[in-house]
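Here's the structure, in structure tokens; my notes come after.
Every read-out reported here was derived from the displayed coordinates using simple, explicitly stated rules and does not represent laboratory data. Since the model is a prediction, treat every value here as computed from it, not as a measurement. Cβ coordinates were reconstructed from backbone atoms using ideal geometry, including for glycine residues, and neighbour counts include every protein chain displayed.
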Amino acid sequence: MINTKAVHRSNQLLNYAYGRDFVYDEMMMMGSGPAGEKRAKAMARREAIQNALIGFAPTRALIRRFVLPKPGQGHPRRRDAGFYDILLIGETSDGRSLRVSVKGDKDPATVRHLR
């Protein structure tokens, strides 16, 4: 949700360099059927709780201090087992479709550069 707001704000600050009719949205694939729906609902609940907690300064400070790992930290097996698979889909103002796939192994927070 925050990325969407940041991208639209950037477009505005750049004097609508992407156009006034620019559209941006994000989704996360959770799988199909009842299992995918269950995962999506669970993630939505966790995100709502997380947003409520970080929206309140005292709990945000506690989370930063005691819960969140520093960049590049965390359990090595979890970092090494991580991966990302991003599909960017776009459409130009003249109707052309664009698709770009970005994939990588390991937790993206530990990636220092694109390969």
- May I have the pair-distance distribution P(r) for the chain, computed from all Cα-Cα distances with 10 Å bins from 0 and rounded to whole percent? 10, 24, 40, 23, 3
- Please work out the FRET efficiency for the pair residue 47 and residue 12, using the Cβ-Cβ distance as r and a Förster radius of 30 Å; give the result to the nearest 0.05. 0.75
- Item | Expected 222 nm ellipticity per residue - DSSP helices of 4 or more, -39500 (n - 2.57), all of the chain, to 500 | -12500 deg cm²/dmol
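Grab the beta carbon distance between residue 80 and residue 37, set R0 = 22 Å, and tell me the FRET efficiency rounded to 0.05. Intermediate values should be presented prior to the final figure.
Numbers: r = 30 Å, r/R0 = 1.37.
Taking R0 as 22 Å, the efficiency between residue 80 and residue 37 is 0.15.
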- Query: Taking the chain as a Gaussian network, where each spring joins two C-alpha atoms under 10 Å apart, which residue of 64, 46, 96 fluctuates the most?
  - Reply: 96
- Query: Counting only residues 5 or more places away or on other chains, whose amide H sits under 5 Å from the amide H of residue 82 once H atoms are built in the peptide plane?
  - Reply: 106, 107
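Computed over the Cα atoms of the range 34-77, what is the convex hull's projected area averaged over all directions, in nm²?
Taking a quarter of the hull surface, the average projection is 4.3 nm².
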- Item | C-alpha long axis of helix 33-54 to longest principal axis of the chain, angle in ° | 70
- Query: Using a basic spin-label model with each label point 7 Å from the Cα along Cα→Cβ, how many nm lie between residue 26 and residue 92?
  - Reply: 2.7
- Query: Out of 21, 80, 105, any idea which swings most in a Gaussian network model of the chain, alpha carbons joined below 10 Å?
  - Reply: 21
- Whichever lysines have a C-alpha closer than 22 Å to that of residue 106, once near sequence neighbours (fewer than 8 apart) are set aside: 70
- Task: Report, in debye and to the nearest 20, how large the dipole of the chain comes out about its Cα centre when Lys and Arg carry +1 and Asp and Glu carry -1 on their Cβ.
- Result: 660
